[in-house]
Every structure is written in structure tokens, then in C-alpha cells.
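These notes concern the structure reproduced below.
The values are calculated or read from the model by the stated rules, or taken from the named source; none is laboratory data. Here the structure is a predicted model, which is why all the values come from computation and not from measurement. Cβ coordinates were reconstructed from backbone atoms using ideal geometry, including for glycine residues, and neighbour counts include every protein chain displayed.
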């Protein structure tokens with residue numbers, strides 16, 4: 001028995017149904033034809049999603065001819081997109097710094113690293129009481145790259161008035177020595193104006209002196225400094241200087257100084273408290289300001305003691321070797 005083959009037109013006329021999966025497959029082939037043509041021209045990588053950092057990724061993501069599986073999701077213009085960011089909840093307190101970080105900050109404040117360079121200081125002070133007057137001092141310190149330092153100091157240069165008498169104090173010295181991070185020791189020479197009035201010894205005038213300098217602790221951190229000096233008077237060693245300074249680091253880069261300066265042969269004694277800090281209106285400057293106050297005592301040429309006088313002054317310090325952001 002023979003069967004007549006039906007043509008497509010005959011099938012449509014006869015109402016023969018076409019399977020749905022064949023229709024979907026045909027539509028997919030038609031839709032994928034531009035992408036296949038692009039793959040034939042640009043290679044198989046044209047149909048793969050672009051990877052970050054590869055050339056052509058922007059073009060592939062923004063190509064409108066790609067079928068829906070590869071089409072980018074581009075928000076409409078003016079759309080606000082909220083991106084969640086991990087962080088502490090509202091009202092939550094920040095976690096405390098770990099013990100190691102606090103220990104490192106404390107170490108940097110109490111024992112900072114050694115900073116080479118030049119440093120200058122200019123100090124002026126006035127005092128008043130039974131004996132009134134003014135004093136001036138200047139110092140220069142150089143710290144080399146190697147553990148070596150040089151220290152030159154002029155002062156105190158002071159003039160006081162007690163009634164009709166004028167009293168003068170003059171001192172200058174130069175010291176060289178070893179300078180490490182936590183220790184320094186040096187020796188030097190100088191000249192001072194002596195005023196000795198004792199039952200068995202009298203001397204008045206300038207005299208050469210010897211100086212010793214010691215420091216325990218970091219120069220810009222917690223430390224104690226001791227300066228002692230002496231001179232030969234009538235072939236006898238006489239103490240001329242006993243200067244003791246304590247330095248305590250404070251917060252925000254400030255340094256607190258307590259100075260006891262005793263010059264028995266020069267009739268000068270000073271107890272001073274000061275704090276070194278940045279100049280408020282020059283936060284990035286290498287200059288620092290050190291206001292100070294204390295008690296001053298001068299004994300005149302005939303041994304008359306006018307008593308302690310209140311003194312106050314200010315010192316300008318230039319930190320040539322320290323960073324400008326470093327408040328020391």
C-alpha cells in the first residue's frame with residue numbers, strides 16, 4: 001500500500017500540530033546566530049563571560065547584541081543603589097586597641113628612637129622679689145648619625161639688683177661625648193664667673209672649669225640628666241655646678257621638665273618647671289615653645305641673700321633633626 005508524502009503546505013492546511021520544543025529550539029538558534037557569528041570572528045572567548053582585568057571585558061559586558069543569558073543588568077539612569085558596608089552597629093563602642101598596639105605606642109612615647117640632627121634653644125626669663133632681674137640662656141646640641149654628641153651652652157647670663165648692688169652671673173661650656181638611645185656621657189670645659197666668700201677662701205672673677213654630662217633614658221622621652229662642674233681655686237677643687245633635670249613624656253607629644261640648677265660658686269640657684277609643646281598657631285613647624293616658671297635665688301658679692309624670687313619665662317626650641325609632625 002502506497003502512502004502519499006505530504007508537503008509543508010499540505011501539513012498546514014491539514015492542521016498538523018508542530019511540537020513546542022521544536023519551536024523553542026528554532027527560536028534559540030535564530031537568537032544565538034549573532035553571538036555565533038561573533039564567536040567565528042573573535043574566537044571562542046567571545047561567548048564566555050568577561051573576567052575582571054582582561055582586555056575587552058567592558059565591550060563584552062555592554063554589547064547589546066548578546067542574548068539574555070549574557071546581557072548585562074544596567075540600572076536605569078538616576079537609580080540609587082544601596083551597597084551594604086560591614087561596620088559597627090549604631091551606638092556600639094569601638095573595640096579597644098590590642099595590648100601589643102598600646103605597648104608600642106607607650107614605648108614610642110617613653111623611649112622614642114634616637115633622632116640625629118641639630119637642635120637650638122633660646123631662653124629668656126625675668127624674676128622679681130627682694131632681688132629682681134632677668135636671665136638669658138642659649139644652647140646648641142648636635143647628635144651625629146653615629147653615637148656621638150656635642151653640646152654647647154651659654155648661660156645663665158643673669159643680672160640682678162638688690163638695693164644699690166648689681167649682681168651678675170655668667171657661665172659657658174662645651175661638652176663632647178657618647179650619645180646612645182638610652183644613655184649618654186660626656187666631658188668638656190668651660191668658663192664661669194666665681195663668687196666665693198668663705199672664712200678661709202675668697203675669690204671673685206672668671207675661672208676655667210671642667211664639666212661632666214650624664215643622661216639615663218631617651219632624650220625625647222623619659223630621662224634624667226646630671227651636669228656637674230668644678231674649678232681649681234687656691235689648688236683646691238671647688239664644685240661649681242650641680243644641675244639635675246627630669247623629663248616626663250605627656251600625651252599629645254608634650255614633655256614636662258623639672259630642673260634644679262645649683263651653682264654654689266656663682267651664687268645662683270634655680271628650681272624650674274616647664275613643658276615643651278608645639279606652637280599652637282604653627283602645628284607643622286619645627287619650632288617648639290617651652291613656657292616655664294619657678295624660683296630663683298642670687299647671693300650678692302658680700303654674701304647677702306635677698307631670698308627666693310619668683311621667675312617665669314619662655315624658651316624657643318628648634319628641632320632640626322626631628323620630623324615636623326613629631327611634637328618633640
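Of all the numbered requirements in (1) farther than 20 Å from residue 204 by Cβ; (2) more than 18 Å from the chain's Cα centre (by Cα), residue 264 misses one, and that requirement is (1). The set of residues in the range 148-181 being more than 30 Å from residue 114 (Cβ to Cβ) and in a strand (DSSP E or B) consists of 157, 158, 159, 160, 161, 162, 165, 166, 167, 168, 169.
Every listed requirement among (1) in the same structural domain as residue 287 (by TED's automatic domain parsing); (2) closer than 25 Å to residue 252 by Cα; (3) at pLDDT below 95 is met by residue 121 save one, (3). When the residues of the range 198-210 are filtered to those that are within 15 Å of residue 264 (Cβ to Cβ) and part of a strand (DSSP E or B), the one that is modelled with the lowest pLDDT is 202.
So, residue 227, is that one modelled with pLDDT of 95 or more, under 18 Å from residue 207 (Cβ atoms) and under 29 Å from the mean Cα position of the chain (by Cα) or not? Judged against the criteria, residue 227 is a match.
Here is the figure for the range 249-259: residues that are surrounded by fewer than 16 Cβ atoms within 10 Å (Cβ to Cβ) and either in contact with a helix residue (DSSP H, G or I) (Cβ under 9 Å, 6 or more places away or on another chain) or more than 21 Å from residue 287 (Cα to Cα) (or both) total 2. In the set (1) in contact (Cβ under 8 Å) with a residue 60 or more places away in the chain; (2) touching a helix residue (DSSP H, G or I) at 6+ places or on another chain (Cβ under 6 Å), residue 240 fails one condition alone, (1).
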